[in-house]
Amino acid sequence: MIRILIIEDELRAAKRLSRLLSEQVSEPMKVIHFESLDKGLAWLDENEIDLLFLDLNLSGQDGFEVLRRTTAGSFHTIIVSAYVDKAIEAFEYGVLDFIPKPLMVKRLQQALDRFSGQRSEDDHLRYLSVKLAGEIKLLPVEKISHIKAAGHYSELFLTTGKKMLHDKSLDKLLTILPSVFERVHKSYIANFNLAERFRSYPGSRYELVMTDGTVLPIGRTRYKELKRKLL
Amino acid sequence: MLHQRLKAWYERLKERGTNGFALVIILAVLLFLPGCVDEIDADEVMIEFRFNAGDSSSWRLGDYDDSHWLQEGQEDSLEDADYVWVRAWIDAGKFPENTTSDPAIYIGIVAPYEVYFEGELIGSNVLDGYRLEDNRGHVFEILQLPPAHFEEADTLLLALRMYIADYPPWMVELIPGSYETLVRNTGLREVVQLVLGVVYFVIALYYLFFFFSGELTRPAMFFAALLLFVSYSSITEWFYYALDWELSTYYVILISDLLSLIIVCLLIPFFLRAQFGFPYRRWFYVLLTLIIVSIPFSLLEITPYVAMGGGILMTASAYYRKQPGAEYMLAGLIVCTIGLVIDMQWGYYATDWGFLFLILSMNLYLLKQIQARRKEHQASILRSARLEADLLRKCIQPHYMLNSMNAVIDWIEVEPEKGVEFLGALAEEFQVFSRIAQKKEITVQEELDICDAHLKIMACRKEQEFTLQREGIVPNESIPPAIFHTLVENGITHGKAGEGGMILSLKREALENGRRYRFFNSTNGAIAEKDSDGTGYNYIKTRLQESYGDRWRFDAQRTDAGYECVIEIYDLNGALS
């Protein structure tokens, strides 16, 4: 079951989104609505969801503070807002999609497609919001060398040698990361800007050597496509 | 010494209010002034003066014993007499030795006179065919002194016989020198007076133009008036020299010159008050009274000092009150006063230089002010344009429009009639906005109409009741547009809805010197501190500034129950703390 939270201060708009979602999503789902941002975020601290539709006033700095909080979560965030001029900036912070108001059905469908795993074609993401010691840090994506699956979470390996945990799964991260990040293995995503070469072993076993010397395993089925990409 | 005192009095009479100048032309003209400084010191040449009332032909002779006559300083008692004689003893050796030009004397007396040199009649200012008693004559004469007498003795007698019955107070101006120099100096003074007078007149017209164009109102008017009177004095002085008027005409002009000097002295405080303001009304009247009282008391001797001293105090007070440009004016007034003192003691045309400095500083300051006004004017046009744009943007803010469209689409999908109703409300808000967009002020009623239209739209979008409670509102009062609308918008964004929807309230209170509006909404406590000076509040403040200058106060603060904004607007004549 997909758990969806809508934070939208106009009841009329929330009702409509809710109605459109029930028309568009075939899987079973549960939709919860809050009019107040504060109440919605408070509820979010206590409950798990899969997808957040957020109507945010992005004209001030406060809106982006909220955005950092939600994008650091395990769920995806989709902004539904009339502040269309801020869309690119929102993408930089790692939202799954930005749907401009007035909300059109076709656009909602695209966002839902992206949610179900289709990778975005835009490379807007610049920062990954990461929870670190109770604070939310913005981590520039180019500092990520590779990412390893860690249960429901992901482990980010940085160029500095540091490690960080992210609440999102490898699948979810892949949908928002720029295209230089590629899945090389069931449990690994690599930043191909920092990849050096392939190493092959007998028995169709392959490895990816990063510039810092780290060696990542490559899934058998992915090798051909990845090689084309690196060359 | 009498002649000096008389001369000083006469010079002051003429120059205090007369000469004075501005700009480079005047500066250039003033450069000629050293050229007309007397070539010798009259004090050294004229050794002794004796005065007596009455008339006798023997008084013209050198061997008459005048030791019982009045000495210098006692001559004032002679004013009631019909005839007065002055005997001046001249040191022949101190007279300039000029080989090309005969010795001569320049005489200026506002009375008919005859001049005897060593007993010999050498000239008179009386017109041909008239007697002394007919009062028909010129004021100024340059008389040659027969050089033969200079060989005869060391001290020579110059005797003046004056008929003063019709022209009191009489005055005597005697300048010894060579004939050539005296003629040239007189010519130079004519030119200087004429040019200065004309230049003054032009500057006066220039400021009158500013006055009528409304760029500088009262200060320009007083300054122009001041210059006109100064210009009048200068030009009439040129007339004396150039047109050789008769005594009666001269007397009238002398009186009018005196009057214009008095007016100039009075205009200085008025100009300064118009320029810098002067909050001590009583002291202003005291100064005016002092100036007027000093006129008969001192025969104008101290009047200019009273005016200048008062002016310096007024300007110092302006400087203390941090009035812009007061320091320029203060410097100008002080230099001008120093010029008066120097002129009184030593001459050198210091009054002209001082006055030049004063006029230059006044000019500089007024021109600066005109520039500042123009800048301010342009800025205010820009501000108005920006406010108008802000107002329109409020109405067609993209997020407002887009959110409204979002709502409309929903109604089209599920409830088209409601959508039509909503579009009607939206249209209503637009119509009011377009009607008031160019106005700087609208009535409170119009303003509340916009608020109601806005609340209706928000009620549709949020499916929530909004009530704007009013108390003590005076619908006909005016207010800048979209002030309450901005407060209502903020209230909706930050407010908290209760059981019966959201309640906003607007209350008008009468103040002693104006009115106060209190706008209140209960909040959900979500207002960040920085919101309190956000763009909405800036809009309100700029609007109030545009409409009321400094006569307003805006304050927004959290209270226990919610959020309260207070706008106070003061009447024009209201006190402002």
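The values are calculated or read from the model by the stated rules, or taken from the named source; none is laboratory data. Computed from a predicted model, the values in this text were never measured in an experiment. Using ideal geometry, Cβ is built from the backbone for each residue, glycine included, and neighbour counts are taken over all protein chains shown. Each accessible area value is taken on the protein alone, full model and side chains, heavy atoms only, with ligands, DNA and RNA left out. Shrake-Rupley method; radii C 1.70, N 1.55, O 1.52, S 1.80 Å.
Worth a mention:
- Applied to the range B:125-134, the Karplus parametrisation 6.51 cos²θ - 1.76 cosθ + 1.60 on θ = phi - 60° returns per-residue 3J(HN,Hα) values of 9, 7, 5, 4, x, 10, 9, 3, 6, 7 Hz, with x for Gly and Pro.
- Protection proxy ranking, peptides A:209-216, B:178-185, B:544-551, B:484-491, average beta carbon neighbours within 10 Å, highest first: B:484-491, B:178-185, B:544-551, A:209-216
- Shielding by partners for peptide B:461-473, expressed as the average number of C-beta atoms from other protein chains within 10 Å of each residue's C-beta, is 2.
- Built amide H within the under 5 Å cut-off of residue A:139, gap 5+: A:128, A:129, A:130
- Shielding by partners for peptide B:396-405, expressed as the average number of C-beta atoms from other protein chains within 10 Å of each residue's C-beta, is 5.
- A helix-only calculation puts chain B at -18500 deg cm²/dmol for mean residue ellipticity at 222 nm, using -39500 (n - 2.57) for each DSSP H run of at least four residues, averaged over all residues.
- Scaling against 2.2 N^0.38 Å puts the C-alpha radius of gyration of chain B at 1.57.
- Sorted on the mean count of surrounding Cβ atoms within 10 Å across their residues, most packed first, peptides B:454-462, B:324-332 read B:454-462, B:324-332.
- Summed side-chain charge close to residue A:80 - residues other than residue A:80 whose Cβ falls under 10 Å, Lys, Arg +1, Asp, Glu -1: -1
- Coordinate range along principal axes, alpha carbons of chain A, Å, largest first: 62, 37, 32
- The range A:141-230: C-alpha pair distances exceeding 17 Å, %: 44 percent
- Distance (nanometres) between label positions extended 7 Å along Cα→Cβ at residue B:439 and residue B:553: 2.8 nm
- Over every Cα atom in the range B:397-570, the radius of gyration and the widest Cα-Cα span, Dmax, amount to 16.5, 56 Å.
- Between the range B:299-361 and the range A:179-230, the alpha-carbon center distance in angstrom: 91 Å
- Solvent exposure of the range A:2-115 as accessible area per residue, Å², 1.4 Å probe: 40 Å²
- Solution diffusion estimate, µm²/s, Stokes-Einstein, the protein assembly as shown, Kirkwood Rh from C-alpha pairs, 25 °C, viscosity 0.890 mPa s: 69 µm²/s
- Cα pair distances exceeding 23 angstrom across the range A:62-190, given as percent: 27 percent
- With the highest mean first, a sort of the peptides A:69-78, B:223-232, B:362-371 on other beta-carbon atoms found within 10 angstrom per residue produces B:223-232, A:69-78, B:362-371.
- Helical mean residue ellipticity (222 nm; -39500 (n - 2.57) per DSSP H run of 4+; nearest 500) of chain A: -8500 deg cm²/dmol
- Compactness of the range B:259-332 - radius of gyration and Dmax, Cα, Å: 12.1, 37
- Label point distance in nm, residue A:228-residue B:100, each placed 7 Å from Cα along Cα→Cβ: 11.3 nm
- Average silhouette area of the range A:2-115, convex hull of alpha-carbon atoms, in square nanometres: 6.3 nm²
- Computed lengthening from residue A:165 to residue A:107, 0.36 nm per intervening residue step minus Cα-Cα distance: 17.7 nm
- Per residue of A:12-19, other chain Cβ atoms within 10 Å of the residue Cβ number 5 on average.
- For residue B:41 and residue B:297, a Förster radius of 30 Å and the Cβ-Cβ distance give a FRET efficiency of 0.45, rounded to the nearest 0.05.
- Long hydrophobic helices in chain B: the complete DSSP H runs spanning 20 Å or more by Cα along their own axis with mean Kyte-Doolittle hydropathy of at least 1.0 are B:179-212, B:218-243, B:247-276, B:281-298, B:326-346.
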